[in-house]
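To start, the structure itself, in structure tokens.
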Amino acid sequence: MADIKLHGFWYSPFTVKVKLTLELKGIPYENIEEDRLNMSAQVFQYNPVYKRVPVLVHDGKPICESTIIVEYIDQIWPYYPLLPTDSYERALARFWVKYADDMPVPAIGSLAQSSNDEEQEKAIEKIWEHLRVIEDQRFNNNVKKFFGGDTINIVEIAFGPLVRFIKVLEEALEVKVLGDEKFPHLQSWYNNFKDVPVIKENLPDQNKMVAVIKFYREKLLGSS
Amino acid sequence: MADEVVLLDFWPSPFGMRIRITLAEKGIKYEYKEEDLRNKSPLLLQSNPVHKKIPVLIHNGKPICESLIAVQYIEDVWSNRNPLLPSDPYHRAQARFWADYVDKKVYDLGRKIWTSKGEEQEAAKKEFVEALKLLEEQLGDKTYFGGDNFGFVDIALVPFYTWFKAYETFGNFNIESECPKFIAWVKRCLQKESVSKSLPDPHKVYEFVVEIRKRIGIE
């Protein structure tokens, strides 16, 4: 039987991506919770290049970077496939996964660490820019419930935890980012996503996340 | 049905070069369309509405954007010729990891070298050399990053060699003396026709960078 360990932070959208993947596929694993302020030596050993989580360790071999981990898992465990089988659809899915990784992530990070109103506003505007692209380009032509049609696929896994993280930041920082009318397609997609039973069970609790964000902001900035 | 393959590209783009090399490796005939980035064609804007950037691969009218995604697409569709990615999932993940590392590091650091000065430039040079040294470590004693066979990471990385003369001149340093193994690997890659025919002359790239620097006002 495969030995699978996941080193991560329960509240990080990148760790959540990997967890959702494992859970959707019914793959048993050992969850190793790392402390951001005191990461284990193993993380540095397994990920010497970036020194960060999540790291998946499969039979002693480490795989790093959440998007790469997700594709790795999908390749080995074909139950509940996350990548489309059609080559073109696959390329499109990968495009949107890359978009999620490259575009909103830095802006979300800026918002999480913003120390004043000006920084917050700048970060929120950047996030809006990217959400606008997603709303108009990815969702406008898509009348299906999910990117994968009736089931979740790799694009859901890339965006879902990010949207959840934005909602947490909204509460923790008392700002409005998503709103209800600004991004209607995105909002309705997200509502479908978080109601999928496996997702519902495995998305980290909103209140707990708000508390942990506030905790880290205090540590980082001296106040929330 | 004959495949119609078009590549929207810009000759000095290392990202475009990746796709050119891949198409050559697979022996795929295609139409190369040079874009004027100051006057982008309607086809480009329509094919890549999100980023409006080259390269874009268009296969039977369907556009694929982002160079490494296009390379993987070509690999998926023309899978029976010259495989470029390992079939073993772990090694495949490693190949993706290093290609992603190239994306995250080499282009941005290189760009910093020819656009900045003073301390910022020195910091970029240092990081750039460190990145190449890390890649050298990854290469080890292998012929290519892909092992005995030229592959995904080699394709992701080798195009940046065409920009080295520009980096070296504006950064005032010599890459071969810092990373001889890296340059030795480049030379092995250049012996492959798919690579040598797809890469422009580094001197021409250097002249192009001189032009841009003038245009954006760096002196």
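The values are calculated or read from the model by the stated rules, or taken from the named source; none is laboratory data. From a predicted model like this one, the values you see are computed outputs, not experimental measurements. Using ideal geometry, Cβ is built from the backbone for each residue, glycine included, and neighbour counts are taken over all protein chains shown. Ligands, DNA and RNA are stripped out before the accessible areas are found, and what is left, the full protein with its side chains, is counted by its heavy atoms. Shrake-Rupley method; radii C 1.70, N 1.55, O 1.52, S 1.80 Å.
Averaged over the residues of B:59-69, the number of partner chain Cβ atoms lying within 10 Å of the residue Cβ comes to 4.
Note on A:LYS214: lysines with a C-alpha under 18 Å away, same-chain residues under 8 apart excluded, are A:LYS167, A:LYS176.
Which whole-angstrom value gives the distance between the alpha carbon centres of segment A:143-179 and segment B:18-83? Between the Cα centres of segment A:143-179 and segment B:18-83 lies a distance of 30 Å. Computed over the alpha carbons of chain A, Rg followed by Dmax gives 17.3, 53 Å. Out of the total accessible area of segment B:71-160 (probe 1.4 Å, heavy atoms of protein only), what percent is carbon and sulfur? Carbon and sulfur: 43 percent of the exposed surface of segment B:71-160. Does anything in segment A:101-122 have its amide N under 15 Å from the 7 Å Cα→Cβ label point of A:GLN137, and if so which residues? Zone members listed by number: A:101-105. Relative intensity of segment A:69-128 on a log10 scale, I(q)/I(0) at q = 0.27 Å⁻¹, equals -1.03, per a Debye sum over C-alpha point scatterers of equal strength in the absence of solvent. A Stokes-Einstein calculation at 20 °C with viscosity 1.002 mPa s, built on the Kirkwood radius of segment B:22-158 over Cα pairs, returns a diffusion coefficient of 127 µm²/s. For segment B:149-219, applying the loop criterion from DSSP together with a ceiling of 15 other beta carbons within 10 Å to the trypsin sites (Lys or Arg not before Pro) yields B:LYS197. For segment A:19-63, chymotrypsin sites (Phe, Trp or Tyr not before Pro) are listed when DSSP marks them as loop and at most 14 other Cβ atoms sit within 10 Å of their Cβ; the list is A:TYR50.
Positive-end ranking of B:LEU43, A:LEU162, A:TYR190 along the dipole of the protein assembly as shown, with charges on Cβ about the Cα centre, is headed by B:LEU43. When the charge dipole of segment A:66-133 is built from unit charges on Cβ atoms (+1 for Lys and Arg, -1 for Asp and Glu) and taken about the Cα centre, the candidate among A:ALA112, A:HIS130, A:ALA100 whose Cα reaches farthest toward its positive end is A:ALA100. Sparsely packed loop sites in segment A:156-224 (the GluC sites (Glu not before Pro) outside DSSP H, G, I, E and B with at most 16 other Cβ atoms within 10 Å) comprise A:GLU174, A:GLU181. Heavy-atom accessible area buried between chains B and A is around 2300 Å² (1.4 Å probe, both sides summed).
Cross-link partners of B:LYS126 among aspartates and glutamates, defined as those whose alpha carbon lies under 16 angstrom from its own and excluding same-chain residues fewer than eight positions apart: B:ASP108, B:GLU136, B:GLU168, B:GLU176, B:GLU178. In the structure displayed, which of A:LYS200/B:LYS104; A:LYS19/B:LYS112; A:LYS126/A:LYS182; A:LYS122/B:LYS112; A:LYS194/B:LYS62 lie more than 26 Å apart, Cα to Cα? Cα-Cα > 26 Å for A:LYS200/B:LYS104; A:LYS19/B:LYS112; A:LYS194/B:LYS62; rest within. For peptide B:88-97, the mean count of partner chain Cβ atoms within 10 Å of a residue's Cβ comes to 6.
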